[in-house]
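Contents: one structure, followed by commentary.
The values are calculated or read from the model by the stated rules, or taken from the named source; none is laboratory data. Computed from a predicted model, the values in this text were never measured in an experiment. We place every Cβ from the backbone using ideal geometry, glycine too, and count neighbours over all the protein chains shown.
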């Protein structure tokens, strides 16, 4: 056992690591599945934009076939051969143009080139809509990145609070054990009633149960953090207490609200979606217009014994108009307008939602700052109360129950004060998130 103890210590040391808040944010951004999903959406939007731009490019098609035929009846109305030929030759040509002509195969090649000139503005507005949607997807990814940062800060805060609670309970348990040892000596010497010793032992048991809960909570928080950061689950993380420096910001609610409406990525993304919907309405109107394109082509064909075509080049301009679009395109236009109204309504709802989120985050931040002072005062009062009760107890002026109650109150006040500072930091980060100003190094 003595030989194995050092190796056990080394193994435990290898399974723990210090983790700063900046490092946690960096790892969470690197391993976030939401961010990978948003990157895929940006690629999809970029591909859609390239596809829309591709509609401006020429269309080139080439086709060819080789055909085997049956024995067709070929009746040429134009005689083959030279009209000045001899009678023998003329009769030969005549018979060849009739039943003597054998055709059992054919081949051809067609090449067509079309360059769009005018398509009722559908291509132009289609490109605009795709461009706006790509910008919206990029802004959605930026918004999601901010949320990942905020969630990481909150998770890091929970981990720090769980670790702090564990250390405080351990410290309190140590004091409780010393108290029980002192009381046991007094009870053995007849200087303390058995009942008072039992009260101290009961408090120790309660603290031991609280320690089990604190250890369980601590393990759950660092395992959850490891999963978020892509670290091995068994790694025991050691948070940095210096990461929770409270920020006192003097901005008013109106200032924060203005900042939010200027910086929120999701609101900006919604504005781009509104623009894309408007471009979609204009593109829908394009069905009412004719389309025009420059065309060109090349034809080559060969029917052995009958005809051979080469260098047949054509070119010109083609115009297409579908009169039925006069009564069919209206439904598509109305659909596009309805989609625009829906998008605009969603934008108005988002605007109202942002104002409410900022109000809630701002009030939570103010409340958390005030709670620090309240909990600090409560901690000082609880500590002083315990000191006074301990003095009275030492002078037989207070009961054991009074002493134990004062100890529990001091412990709870210490926990509340420690947690209030981390809660204030998280509340401030949440305020930065709702105003669109949180950064990786905030």
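Checking 295, 310 one by one, the residue that is farther than 28 Å from residue 332 by Cα and loosely packed, with under 12 Cβ neighbours inside 10 Å is 310 and no other. Out of 338, 345, 413, 359, one residue alone is modelled with pLDDT of 90 or more, part of a helix (DSSP H, G or I), surrounded by fewer than 21 Cβ atoms within 10 Å (Cβ to Cβ) and touching a helix residue (DSSP H, G or I) at 6+ places or on another chain (Cβ under 9 Å). It is 359.
Filtered by the rule that a residue be touching a helix residue (DSSP H, G or I) at 6+ places or on another chain (Cβ under 6 Å) and surrounded by 19 or more Cβ atoms within 10 Å (Cβ to Cβ), the stretch 98-127 gives 120, 122, 125, 126, 127. Just one of the numbered conditions (1) within 29 Å of residue 56 (Cβ to Cβ); (2) touching a strand residue (DSSP E or B) at 6+ places or on another chain (Cβ under 7 Å) is not true of residue 285: (2).
Within the set 271, 248, the sole residue that is surrounded by 12 or more Cβ atoms within 10 Å (Cβ to Cβ) and either touching a helix residue (DSSP H, G or I) at 6+ places or on another chain (Cβ under 6 Å) or in contact (Cβ under 8 Å) with a residue 12 or more places away in the chain (or both) turns out to be 271.
In this structure, residue 213 does not satisfy being in a helix (DSSP H, G or I), farther than 27 Å from residue 436 by Cβ and at pLDDT below 85.
Checked against (1) within 15 Å of residue 159 (Cα to Cα); (2) surrounded by fewer than 17 Cβ atoms within 10 Å (Cβ to Cβ); (3) without any contact (Cβ under 8 Å) to a residue 24 or more places away in the chain, residue 224 passes all but a single condition, namely (3).
Flag: residue 223 matches the condition of being closer than 30 Å to residue 162 by Cα, assigned to a helix (DSSP H, G or I) and modelled with pLDDT of 90 or more.
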